[in-house]
Every structure is written in structure tokens, then in C-alpha cells.
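The values are calculated or read from the model by the stated rules, or taken from the named source; none is laboratory data. This one's a predicted model, so the numbers in the text were calculated from it and none came from an experiment. Cβ: placed from backbone, ideal geometry, glycine included. Neighbour counts: every protein chain shown. Ligands, DNA and RNA are stripped out before the accessible areas are found, and what is left, the full protein with its side chains, is counted by its heavy atoms. Shrake-Rupley method; radii C 1.70, N 1.55, O 1.52, S 1.80 Å.
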Amino acid sequence: MDIISFFEQVVNREVDSDMSVEQEVYAEDFQMLRLSQDHPTLRVVFDQIGTPTYAADLAGAIFAVLESEQWHAGIYHFTDEGVCSWFDFTKMIAMLSGHNDCDIQPCHSDEFPSPVTRPSYSVFDKTKVKETFGVKVPYWTDSLKIWKEEIRITWRLSTIEVITVVPVRL
């Protein structure tokens with residue numbers, strides 16, 4: 001099945017009106033990659049914990065749900081396995097990218113005043129989606145390594161515009 005057909009199925013799927021599928025995706029890979037390359041020092045929050053999720057892994061989970069005959073209306077959470085802080089995530093991105101000259105330091109969330117209250121722990125329980133649809137969930141660092149290899153081939157840093165949403169102090 002090609003990607004267009006896949007997304008047509010997502011858009012046209014007949015589902016119960018009380019169906020809700022929730023997902024969480026951290027898409028700050030480009031942001032942290034750029035910052036760790038362009039700045040000698042970064043301060044990144046260590047007290048906000050979540051699970052980075054590769055978009056291809058989420059797409060695979062959605063595909064598994066669409067192909068399944070086990071559909072039941074409800075809430076299904078999906079993220080990659082494991083947990084980390086934004087600090088851990090940034091350190092791993094810098095390490096995989098060879099940005100070893102950037103001194104990445106942990107800091108507290110309260111050092112970045114924000115009108116939005118962010119949870120300190122936002123990790124979803126994926127038991128229901130795994131058991132209902134047989135979804136295999138990769139560990140976030142394994143997926144980050146795959147993403148890094150794929151992006152190495154296709155990414156042009158100067159053409160990407162990214163909106164800052166993660167508290168980072170330079």
C-alpha cells in the first residue's frame with residue numbers, strides 16, 4: 001500500500017462517534033540538533049519526563065490499527081518505549097550527531113517562566129494498544145538512531161524552519 005492510500009484510509013475510516021485515539025509525539029529532534037550544532041553551551045530542562053516518539057513508529061502503529069480486525073472504540077495511547085528528560089534527549093541527539101563540542105547542562109523548568117504549565121511526567125501506558133492490536137513498540141533510542149541515519153541522507157539544515165517550544169537557555 002502506498003502512503004497516499006494509507007492516509008486516505010485514515011481520513012475515510014468509519015469509526016464510532018465516541019472513538020478517540022490519542023498520541024504523543026516529541027518532534028524537537030531538528031531543534032536540538034540545530035542548537036547543539038550552533039551553540040557552545042545549552043541549558044535544557046531535566047525535570048520534564050516523557051517519551052520521544054519517532055513519527056515512523058507512530059505511523060506504523062496507526063497502520064496496525066487500521067489493518068486490525070480487533071477495533072474497539074476507546075482511547076489508545078502510543079509512544080516509543082522508555083522514558084527520558086529533555087536534557088537526556090538533547091544529550092543523545094548531540095552524541096549521535098557528533099556535536100561533542102556543545103556543553104549541554106541540566107536545569108530546572110522554573111528557570112524558564114511560561115504561561116503554560118507542563119507536566120513533570122507525561123508518559124503514556126501503551127498496554128491497551130499493544131494487547132489489542134499486537135503493536136510492537138521500539139525503544140526510543142533505537143528509533144532515534146534510525147531517524148539520525150535517515151535524516152543524514154535527506155536533511156539540509158539551512159532549509160528547515162523550526163518553532164521553539166522546548167525550554168532551552170543558551
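Looking at the structure I just gave you, is K136 among the basic types (K, R), more than 30 Å from D38 (Cβ to Cβ) and part of a loop (DSSP other than H, G, I, E, B)? Yes: the conditions hold for K136.
Reported count of residues in the stretch 136-154, each being at pLDDT 90 or above and acidic (D, E), is 1. For the stretch 89-108, the criterion of being under 17 Å from T141 (Cα atoms), of a type outside the set (A, V, I, L, M, F, W, C) and under 16 Å from the mean Cα position of the chain (by Cα) is met by at least one residue. How many residues, within the stretch 62-105, are over 29 Å from K130 (Cβ atoms) and touching a strand residue (DSSP E or B) at 6+ places or on another chain (Cβ under 7 Å)? Residues that pass the stated criteria total 5.
Scanning the stretch 100-135 for residues that are open to solvent by less than 60 Å² (accessible area, probe 1.4 Å), aromatic (F, W, Y) and modelled with pLDDT of 90 or more yields a total of 2. Filtered by the rule that a residue be within 11 Å of D57 (Cα to Cα) and touching a Gly at 6+ places or on another chain (Cβ under 8 Å), the stretch 136-148 gives Y139, W140. Of A64, A56, all but one fail to be in contact with a helix residue (DSSP H, G or I) (Cβ under 8 Å, 6 or more places away or on another chain), under 15 Å from I146 (Cα atoms) and surrounded by fewer than 19 Cβ atoms within 10 Å (Cβ to Cβ); the exception is A56.
Looking for something under 18 Å from D125 (Cβ atoms) and open to solvent by 40 Å² or more (accessible area, probe 1.4 Å) - is there at least one such residue anywhere in the stretch 82-90?
Yes, the stretch 82-90 has at least one match.
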